[in-house]
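The values are calculated or read from the model by the stated rules, or taken from the named source; none is laboratory data. Not measured: the values here are computed from a predicted model. We place every Cβ from the backbone using ideal geometry, glycine too, and count neighbours over all the protein chains shown. All accessible areas refer to the heavy atoms of the entire protein, side chains included, with ligands and DNA or RNA removed. Shrake-Rupley method; radii C 1.70, N 1.55, O 1.52, S 1.80 Å.
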Amino acid sequence: MNGTFLAMFGAAPDSVGEAPARANLLGEHTDYNDGFVLPTPLAYRTVVEAGPAPASRRAETVFTMHAAQFGETVERRPGEPKRGDWSDYPLGCLLELAAAGHAIPSLRLAIDSDVPIGAGISSSAALEVAVLRAVRALLDLDLDDVAIARLGQRAENRYVGMQCGIMDQMVASLGTFGQALFLDTRDLVTELVPLPAAERVAVVHCGVAHKLTAGDYNTRRRECEAAAAALGVESLRDVGTDALDRLAALPAPLGRRARHVVTENQRVLDGVAALKAGDIARFGALMDASHASQRDDYEVSIPEIDALADSAKRHGAIGARLTGGGFGGSIVALVENGAYEGWLARVLADRPAARAI
Ligand code: GLA
């Protein structure tokens, strides 16, 4: 995927940054509630090559960006409204760098990626972190990996308009292949937890693109804030599973939304303990419970995802659940290595619109 810059701009790039996609194993819609998450990087990646703008383009600040996946080259300038396309993500990151006090000159960026879009595996965070890494290297900026994650999240919150939490940017920036990143989103403390060697993290797209427009996602976020306010806590992180009966008294649908977040936080803690103890069956049961909670309490699943998760289980997955923001996209399942090919064939026979990611 390197070589795009040279092909586009006729010069070698001065720096390169890359970042992976992710699957989240447990802890969905907990990150904007100060809660716990357990994502892991996937082998898909986005590569961004960067270089200064030619001298003729430096009188005003202009960012020339090429996206190989879309075959598009655009010029973006600070102060422009968002366009609603891929170029909002890099521009948002550059604007956040400037807002953080870094002098950002005119630049050229060449972007290439094999991360499927709309699969719910966070193509956006991979793009943000890859852009920020490329620009960090280009301008020799003093930014650590947590600072990169925070800038990426802010770009999405403030420029793109998606009120996401910080899970995706943190795993894109700090994740390690073959390990789960146990993250406490309240203080951004992380711990790498090895994944079992005998099982595979399988991701299967249901065939309906996940489209996280601000709409439904931001609504869920507001519902959580309303539930926390009604309970008199700063965030739902401050409510434990010992207080579930208090949630039942909240007006609908706040009680169900809060119950998902509170029980999901506990599932992450239990899941980390299960992984450390080598209790894969327990981990799988927690994934299944997480799916049911997303489907029934948080209502972020769709029938195609539910049917896919059912099929995954019926054909032998140890656990299966909706991964990512929801409303389409993919399931993540834990499957024994040796059983994977047969399992996948049977699931795809059940669900012809699905595809392995
Ligand atoms: C999206 C957001 C994340 C997180 C998940 C749901 O991927 O970007 O911050 O909230 O949804 O867990």
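Once the Cα atoms are used to define both axes, helix 123-139 deviates from the longest principal axis of the chain by about 40 degrees.
Over the range 13-121, one equal point on each Cα, no solvent: what is log10 I(q)/I(0) by the Debye formula at q = 0.10, 0.21 Å⁻¹? Cα-only, vacuum Debye calculation for the range 13-121: -0.37, -1.20. Residues in the range 227-235 carry Karplus couplings, in order, of 5, 4, 4, 5, 8, x, 10, 5, 8 Hz; the curve used is 6.51 cos²θ - 1.76 cosθ + 1.60 with θ = phi - 60°, and Gly or Pro positions show x. As a length-normalised measure over Cα pairs under 8 Å and 6 or more apart, the relative contact order of the chain settles at 21 percent. Each principal axis of the Cα cloud of the range 129-199 was evaluated for its coordinate range; sorted largest first, these ranges are 41, 28, 21 Å.
Highest mean first, the peptides 193-200, 18-25, 244-251 sorted by other C-beta atoms within 10 Å per residue fall in the order 18-25, 193-200, 244-251. Counted over all Cα-Cα pairs of the chain, pairs farther apart than 40 Å make up 14 percent.
For the chain, the share of DSSP beta bridges that are antiparallel, to the nearest 5, is 90%.
For the range 4-194, dividing the convex hull volume of the Cα atoms by the residue count gives 111 Å³ per residue.
The trypsin sites (Lys or Arg not before Pro) found in the range 82-181 that occupy coil by DSSP, while having at most 16 further C-beta atoms within 10 Å, are 82, 83. May I ask for the angle, rounded to the nearest 10°, between helix 254-277 and the longest principal axis of the chain, with both axes built from Cα atoms and the value confined to 0 to 90°? Once rounded, the angle reads 90 degrees. Averaging 1/r across all pairs of distinct Cα atoms in the range 199-356 and inverting the result yields a Kirkwood radius of 16.4 Å. Comparing mean-square fluctuations of 127, 334, 192 from a GNM of the chain with C-alpha springs under 10 Å, the top value falls on 192. Average accessible surface for the range 199-356: 41 Å² per residue, computed with a 1.4 Å probe over protein heavy atoms with every protein chain in place. Couplings 3J(HN,Hα) for the range 327-337, derived from phi with the Karplus relation 6.51 cos²θ - 1.76 cosθ + 1.60 (θ = phi - 60°), are 6, x, x, 10, 9, 10, 9, 9, 9, 4, 3 Hz, where x marks Gly and Pro. Cα axis of helix 145-154 to longest principal axis of the chain: angle in degrees, 0 to 90, nearest 10? On a 0 to 90 degree scale, this one is about 90. Each Lys or Arg adds one and each Asp or Glu takes one away; over the other residues whose Cβ falls under 13 Å from the Cβ of residue 3, this sums to -2. Over the chain, dividing the summed -39,500 (n - 2.57) contributions of all DSSP H runs of at least 4 residues by the number of residues returns a 222 nm mean residue ellipticity of -12000 deg cm²/dmol. Please report the net charge: other residues with Cβ closer than 10 Å to the Cβ of residue 292, K and R +1, D and E -1. So the environment of residue 292 carries a net charge of -2.
Taking Cβ atoms as reference points and 15 Å as the exclusive limit, the residues near residue 356 contribute a net charge of +1, counting Lys and Arg as +1 and Asp and Glu as -1. The alpha-carbon positions of the range 158-223 define a convex hull whose volume is 139 Å³ per residue.
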